[in-house]
Amino acid sequence: MSHRFSRFLALAAACLMLAAAPLAAARAEALETPAREAILIDLSTHTVLFEKNADESMVPSSMTKLMTIYILFEKLAKGGIKMEDMLPVSEKAWRMGGSKMFVKVGERVAVSDLLRGIIVQSGNDACVVVAEGLASTEEAFAAQMTAKGKELGLKGSTFRNASGWPDPDHRMTARDLMVLAEHLIEDFPQYYPLFAETSFKYNNIDQANRDPLLGVVPGADGLKTGHTDEGGYGLVGSAQRDGRRLLLVINGLNSMKERAQESARIMEWGFREFQTYTMAKKGDGLAEAKVWQGEEETVPLTVAADALVTLRRVDRASMVVKVVYDGPVPAPIAAGQQIAALEISAPNMPVISLPLVAARDVERQGVFGRMFGSLRYLLTGEAG
């Protein structure tokens, strides 16, 4: 009784929405990068635009600090700590090498200053102050970081310290960094603007934000750089334009200059070559599905939320959109029940499947209606 049903959409509304973006004249160029690891995604649709060794275990260097920041943001959001709270500086924190906020042993530092010391100045000393303030020891805090990573879905991350200081067992993947950055942006919009601050002065020492995208790539507003001898030069960066937000993770580059050039180039490539299209808006009638033994012979299909898809601009003309479902669909059917899929395919991309739901209820027929429908199906093959 069930059969596979699909038909091409020829909706005027969809055509109008797709026609709003200009066609490119040629194929988008293939992207290559000297980075050892990289991943670029469009956060509006969670579409991966480019990746290279994104699941390989790597040294995250100071990009580690994003997890330290996440835990501190979470404490702030839940009221476990306040911006004005003061945390003590231990000798261990004061002695930390590498990039520093230049805290002084024995002093107490406001959480608001420590956040900027980590985000803007990449202070290893500030990370130790936070770790010891929240978990007594940095080792205990690192265990919390690893546990939080698992909770957030990081599959290849093990933390041994709060700053990214070299340790053979301190590892992440580019994809994990992307997931972590996504959580920072989406879970804590009230604190995220801190990443866009271009400088911070503490103890009369003014330091600039190391993020090479700020003020260079339009819409850039965070997140964090990193560098160690083993890891090379890396960056987790994000930029937002015209409602689209791209998120880039790149690592294993040879210099600050190469990091700045590659991160800007890849980010601009993502905005230039790809576009996010609205396929349908919530409530739009897209098609009808046949109903088995219902009070109505068909049920209208719609999307439960705006249906968005990100693809290369040059592939838009070759895009194929169709509605697919196993039907006829047996009644009763409830409004909002998922019964079909909107499948979108284009060259050089996997098929995207978006759920379609019933736009209204369809009650089941009475016993005589069902008997008549079954008889009609036996005689004609037509469901109803």
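Name the residue that is surrounded by the most Cβ atoms within 10 Å (Cβ to Cβ), counting only residues in the stretch 199-220 that are of a type in the set (Gly, Ala, Ser) and not in a strand (DSSP E or B). Break it down into steps so the answer makes sense when it comes.
Here is the first cut: in the stretch 199-220, the residues of a type in the set (Gly, Ala, Ser) are 199, 208, 215, 219-220.
Applying the additional criterion that residues be not in a strand (DSSP E or B) yields 215, 219.
On the way: Gly215: 11, Gly219: 15.
Applying the filter and picking the extreme gives Gly219.
Going by what's in this entry, would Gly243 be described as farther than 18 Å from Thr47 by Cα, out of contact with any Gly (no Cβ under 6 Å at 6 or more places or on another chain) and not aliphatic (A, V, I, L, M)? I'd like the intermediate steps shown before the answer.
Details: farther than 18 Å from Thr47 by Cα: no; out of contact with any Gly (no Cβ under 6 Å at 6 or more places or on another chain): yes; not aliphatic (A, V, I, L, M): yes.
For Gly243, the condition - farther than 18 Å from Thr47 by Cα, out of contact with any Gly (no Cβ under 6 Å at 6 or more places or on another chain) and not aliphatic (A, V, I, L, M) - is not met.
Let's see how each residue does on (1) within 28 Å of the chain's Cα centre (by Cα); (2) in contact (Cβ under 8 Å) with a residue 40 or more places away in the chain:
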site: Lys75; (1), (2): yes, yes
site: Lys78; (1), (2): yes, no
site: Glu107; (1), (2): no, no
site: Leu115; (1), (2): yes, yes
site: Val128; (1), (2): no, no
site: Ala131; (1), (2): yes, yes
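Residues that are within 25 Å of Pro330 (Cβ to Cβ) and assigned by TED's automatic domain parsing to the domain that holds Ile339: which strands (runs of 3 or more DSSP E) entirely in the stretch 263-304 hold 3 or more of them?
Numbers: elements: 274-280, 287-292, 298-302.
Once the strands (runs of 3 or more DSSP E) in the stretch 263-304 are filtered for at least 3 residues that are within 25 Å of Pro330 (Cβ to Cβ) and assigned by TED's automatic domain parsing to the domain that holds Ile339, what remains is 287-292, 298-302.
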Just one listed residue, out of Gln293, Gln337, is modelled with pLDDT under 85, over 26 Å from the mean Cα position of the chain (by Cα), of a type outside the set (Gly, Ala, Ser) and farther than 30 Å from Glu32 by Cα, and it is Gln293
Give me the pairs, please: first residue somewhere in the stretch 92-105 and closer than 19 Å to Met63 by Cα, second residue anywhere and buried (at least 17 other Cβ atoms within 10 Å of the Cβ) and at pLDDT below 95, beta-carbon distance under 7 Å, and either six or more positions apart or on two chains.
-> none
Inside the stretch 176-198, the number of residues satisfying the requirement of being buried (at least 18 other Cβ atoms within 10 Å of the Cβ) and either of a type in the set (S, T, N, Q) or touching a strand residue (DSSP E or B) at 6+ places or on another chain (Cβ under 6 Å) (or both) is 4
Could you tell me whether any residue of the stretch 268-283 is acidic (Asp, Glu), in contact (Cβ under 8 Å) with a residue 40 or more places away in the chain and over 19 Å from Ala54 (Cα atoms)?
-> yes
Qualifying residues in the stretch 79-109 (those that are charged (D, E, K, R) and not in a loop (DSSP other than H, G, I, E, B)) - the one nearest to Thr228 (Cα to Cα) | Arg95
Please go through the stretch 221-262 and pick out each residue that is polar (S, T, N, Q) and in a strand (DSSP E or B).
-> Thr225, Thr228, Ser238, Gln240, Asn251
How many of the residues in the stretch 315-338 are part of a helix (DSSP H, G or I) and either surrounded by fewer than 18 Cβ atoms within 10 Å (Cβ to Cβ) or polar (S, T, N, Q) (or both)?
-> 2
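The values are calculated or read from the model by the stated rules, or taken from the named source; none is laboratory data. Note that this is a predicted model, so its numbers are computed, not measured. Here the Cβ is made from the backbone with ideal geometry for all residues, glycine too, and neighbour counts use every protein chain on show.
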